[in-house]
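Single-structure report; data block below.
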């Protein structure tokens with residue numbers, strides 16, 4: 001049975017204390033990023049303007065979330081050497097950081113002994129999970145919402161374990 005999955009704006013606008021996001025794929029094929037990724041592959045140029053047409057909706061959302069005192073943290077587990085997509089993502093992350101997200105990177109080899117959920121997720125206030133599902137090629141698939149306490153504990157524990165080991169964005173060097 002299909003779920004009514006709130007938008008990211010609805011989720012973050014409803015956050016009262018924290019919003020954490022764990023990303024674990026080396027390649028995403030999200031339609032909204034395809035033009036920017038193709039441009040980056042061809043030229044090495046990335047849209048680094050938080051107020052550009054591409055970034056503005058996200059930038060505004062994070063700014064208003066942070067203005068309410070909500071902590072927004074993002075951790076990424078990546079294989080090394082990194083994929084071209086991760087190189088692109090790393091280049092654009094300066095926008096996430098500029099608008100108030102804290103971002104860290106964890107080499108996958110350092111995550112081997114961490115119990116991780118099977119999917120990327122957002123965890124809002126330690127209790128509401130937005131599972132991010134993707135196709136095998138990395139395209140977005142319908143998301144899912146859960147408030148199952150055991151799943152929320154798994155996500156919170158996994159995120160904090162990754163966060164503790166991960167390298168802050170400004171210190172993570174891509175080779």
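Computed from the coordinates by the stated procedures, all read-outs in this text should not be read as laboratory data. Note that the coordinates shown come from a computational prediction; the quantities given were computed from them, not determined experimentally. No Cβ is skipped: glycine too gets one built from the backbone with ideal geometry, and neighbour counts run over all protein chains shown.
Values computed for the structure shown
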{"quantity": "Segment 1-32 residues near the modelled residue 135 label - backbone nitrogen below 19 Å, point 7 Å along Cα→Cβ", "calculated": "25-32"}
{"quantity": "Extension gain (nm, one decimal) between residue 34 and residue 156, 0.36 nm per residue minus Cα-Cα", "calculated": "40.8 nm"}
{"quantity": "Residue order, fewest to most beta carbons within 10 Å, for 28, 54", "calculated": "54, 28"}
{"quantity": "Residue exposure sequence - 162, 70 - by fewest surrounding Cβ within 10 Å", "calculated": "70, 162"}
{"quantity": "Residues 133, 21, sorted so that the one with the fewest Cβ neighbours within 10 Å comes first", "calculated": "133, 21"}
{"quantity": "Taking segment 36-118 and dividing mean pair separation by its residue count, relative contact order in percent (alpha carbons under 8 Å, at least six apart)", "calculated": "34 percent"}
{"quantity": "Rounded to 5, the percent of DSSP beta bridges in the chain classed as antiparallel", "calculated": "55 percent"}
{"quantity": "Choice from 107, 149, 117 with maximal GNM fluctuation in the chain (Cα, 10 Å cutoff)", "calculated": "149"}
{"quantity": "CD proxy at 222 nm, helix term only [per DSSP H run n ≥ 4: -39500 (n - 2.57); per residue of the chain; nearest 500]", "calculated": "-11000 deg cm²/dmol"}
{"quantity": "For the chain, the Rg and Dmax computed from alpha carbons only, in angstrom", "calculated": "15.6, 46"}
